[in-house]
1. Tell me, please, whether a residue that is exposed (fewer than 12 other Cβ atoms within 10 Å of the Cβ) and among the charged types (D, E, K, R) can be found in the stretch 44-62.
2. Restricting attention to the stretch 109-149, which residues are farther than 21 Å from D50 by Cβ, within 8 Å of ligand 1 (Cβ to nearest atom) and surrounded by 15 or more Cβ atoms within 10 Å (Cβ to Cβ)?
3. Within the bounds of the stretch 140-163, is there any residue that is hydrophobic (A, V, I, L, M, F, W, C), within 14 Å of ligand 2 (Cβ to nearest atom) and not in a helix (DSSP H, G or I)?
4. For the stretch 1-23, how many residues are more than 8 Å from ligand 2 (Cβ to nearest atom) and touching a residue at least 24 places away in the same chain (Cβ under 8 Å)?
5. Within the stretch 21-36, does at least one residue satisfy the condition of being closer than 19 Å to A173 by Cβ, surrounded by 12 or more Cβ atoms within 10 Å (Cβ to Cβ) and not small (G, A, S)?
6. Kindly indicate the residue of the stretch 29-75 that is among the hydroxyl-bearing types (S, T, Y) and over 30 Å from T6 (Cβ atoms) and also farthest from ligand 2 (Cβ to nearest atom) among those meeting that condition.
7. Can you find a residue that is surrounded by fewer than 15 Cβ atoms within 10 Å (Cβ to Cβ), within 21 Å of the chain's Cα centre (by Cα), under 30 Å from G11 (Cβ atoms) and of a type in the set (A, V, I, L, M, F, W, C) anywhere in the stretch 83-96?
8. So T171 fits all but one of (1) more than 8 Å from ligand 2 (Cβ to nearest atom); (2) surrounded by 15 or more Cβ atoms within 10 Å (Cβ to Cβ); (3) closer than 26 Å to R4 by Cβ; (4) of a type outside the set (D, E, K, R); what number is the exception?
Amino acid sequence: MPLRNTADAWGLVSRAIHWLMFALIGAQIVVGLLLEDLPKGSALRGFAFDAHETAGVVALLLVFARLAWRASNPAPEAQGSDLVRRLAAYGHAALYALMIAIPVAGMAMVDLKGHQVAFFAWEFPDLLPKNEALARGLAEAHETLAWALVLLVAGHVAAALWHHVALKDRTLARMLGRA
Ligand code: HEM
Ligand code: HEM
């Protein structure tokens with residue numbers, strides 16, 4: 001099984017990062033939505049915040065790795081008409097932008113609240129001066145952008161299924177490694 005992409009197939013590395021990030025981002029959204037409901041001061045709350053922050057930073061590192069891999073290893077040619085391919089390119093660019101903006105907003109929000117961002121057993125240094133108002137704004141942005149990602153992924157899944165069922169091309173099959 002080739003590791004690198006070819007002109008018409010995704011290699012193992014691209015597929016593994018795509019599906020790993022799908023699982024990671026799905027878990028981030030579920031855990032993120034539960035965070036504020038956990039009892040204040042409980043060990044579970046502290047652990048869940050640390051886990052959400054750590055996994056979010058991992059997701060950010062993975063998206064940079066993914067973009068670097070993509071730059072050194074071009075994506076297979078998109079399938080469909082010119083319009084479909086252009087829409088897919090804009091949609092994918094927007095997915096990448098959100099995958100970067102959401103964790104960056106999360107990290108800045110935590111820092112501006114006066115906390116240190118957790119990363120496994122370590123903590124990031126305190127980089128920004130405490131600013132509650134800006135932290136609240138970024139919390140709003142973090143949440144709104146996360147909902148925008150959910151909507152865009154819904155459209156992305158619909159597009160993948162539409163390629164498969166209506167256009168009957170190999171778009172979905174090749175991301176699943178079945179083509
Ligand atoms: C792909 C990455 C991420 C996704 C998809 C994500 C998603 C979410 C979602 C959906 C919420 C619930 C929002 C709400 O109801 O207010 C949330 C809350 C939160 N997220 Fe993230 N997040 C990510 C990364 C991060 C990172 C990297 C940090 C910090 C280092 C972070 C810190 C927080 C905090 C502290 C909350 C608690 C709610 C708040 O204070 O507003 N997140 N996240
Ligand atoms: C968090 C969820 C997801 C995100 C952020 C995401 C993101 C992306 C991105 C950015 C690309 C473009 C890759 C590139 O050109 O570099 C892509 C491709 C693709 N995704 Fe997803 N994806 C997600 C979930 C899914 C799911 C659930 C499906 C299946 C139903 C799916 C099916 C595909 C397919 C088939 C492609 C290949 C498109 C092509 O060959 O042109 N994705 N995804």
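1. no
2. Within the stretch 109-149, just L149 meets the criteria.
3. Within the stretch 140-163, none of the residues are hydrophobic (A, V, I, L, M, F, W, C), within 14 Å of ligand 2 (Cβ to nearest atom) and not in a helix (DSSP H, G or I).
4. The total comes to 13.
5. yes
6. Just the residues of the stretch 29-75 that are among the hydroxyl-bearing types (S, T, Y), to begin with: 42, 54, 72.
So of that shortlist, the ones also over 30 Å from T6 (Cβ atoms) come out as 42, 54.
Values: S42: 29, T54: 18 Å.
Here the answer is S42.
7. The answer is yes, given that some residue of the stretch 83-96 is surrounded by fewer than 15 Cβ atoms within 10 Å (Cβ to Cβ), within 21 Å of the chain's Cα centre (by Cα), under 30 Å from G11 (Cβ atoms) and of a type in the set (A, V, I, L, M, F, W, C).
8. For T171, the exception is condition (1).
Bear in mind these aren't lab numbers, they're just calculated from the coordinates by the rules spelled out. Predicted model only: the values in this text are computed from it and were never measured. Using ideal geometry, Cβ is built from the backbone for each residue, glycine included, and neighbour counts are taken over all protein chains shown.
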